[in-house]
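Remarks on the structure that follows.
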Amino acid sequence: LGDCRVIRYLGIDTPETVHPEKPIECFGPESYEYNKKLVYGEKILLFKGKKDKDIFGRYLRYVVVRNSGNFVNNDLVKNGYAIVYEKYKDDNDFDVYENLVYAMKKAQDQELGIWSSC
């Protein structure tokens, strides 16, 4: 299988589903399933922002599905399955971060996903 790495989506945060110290959060299972549908079995491309790893050693990356070109980080945000992780704003490419914020505002306005349920 080659080199396996733990990846954390850069710029976004999804509701918890498997955190050892936190309960399952509102819209967590739905977010998990939607993400799985986007990437499971797909070849993906990984793009780095301004920071390589987080404090847990996970690689911080923007994720794109190779065949479709779907930008997964943005897809999760624009459909209400994730929020923009403002705490680590400076780790992001500025233009990508601004696009994620725009996508989140649209999801909020349309009350999609977490914005309708939580």
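The values are calculated or read from the model by the stated rules, or taken from the named source; none is laboratory data. On a predicted model such as this, the values are computed, not experimentally measured, just so you know. Neighbour counts are summed over all protein chains in view; Cβ atoms, including those assigned to glycine, are modelled from backbone coordinates with ideal geometry. Side chains included, ligands, DNA and RNA excluded: accessible areas come from the protein's heavy atoms. Shrake-Rupley method; radii C 1.70, N 1.55, O 1.52, S 1.80 Å.
For every residue, the table says whether it meets (1) over 12 Å from the mean Cα position of the chain (by Cα); (2) over 24 Å from Glu33 (Cβ atoms); (3) basic (Lys, Arg).
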| site | (1), (2), (3) |
| --- | --- |
| Lys53 | yes, yes, yes |
| Gly57 | yes, yes, no |
| Ser68 | yes, no, no |
| Lys78 | no, no, yes |
| Lys106 | yes, no, yes |
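With the structure loaded, tell me whether Glu16 is open to solvent by 60 Å² or more (accessible area, probe 1.4 Å) and either closer than 26 Å to Asp95 by Cα or among the charged types (D, E, K, R) (or both) or whether it fails that test. Criteria not met by Glu16.
Of the candidates Asn74, Asn79, the single residue that is touching a residue at least 40 places away in the same chain (Cβ under 8 Å) and within 14 Å of Thr14 (Cα to Cα) is Asn79.
Would a scan of region 62-72 turn up a residue that is on the phi > 0 side of the Ramachandran plot and open to solvent by less than 90 Å² (accessible area, probe 1.4 Å)? Within region 62-72, one or more residues are on the phi > 0 side of the Ramachandran plot and open to solvent by less than 90 Å² (accessible area, probe 1.4 Å). Can you confirm whether Pro23 is exposed (fewer than 13 other Cβ atoms within 10 Å of the Cβ), at negative phi and assigned to a loop (DSSP other than H, G, I, E, B)? Spelling it out, Pro23 is indeed exposed (fewer than 13 other Cβ atoms within 10 Å of the Cβ), at negative phi and assigned to a loop (DSSP other than H, G, I, E, B).
Take Val101 and tell me if it is farther than 20 Å from Lys37 by Cβ, surrounded by fewer than 20 Cβ atoms within 10 Å (Cβ to Cβ) and of a type in the set (A, V, I, L, M, F, W, C). Judged against the criteria, Val101 is a match.
For beta carbons closer than 7 Å, sequence separation of 6+ or different chains, a first residue in region 34-53 that is closer than 17 Å to Lys89 by Cβ and a second that is open to solvent by 90 Å² or more (accessible area, probe 1.4 Å) and at pLDDT below 95, the qualifying pairs are Lys50/Asp90. Summed over region 26-44, the residues that are on the phi < 0 side of the Ramachandran plot and open to solvent by less than 70 Å² (accessible area, probe 1.4 Å) give a count of 8.
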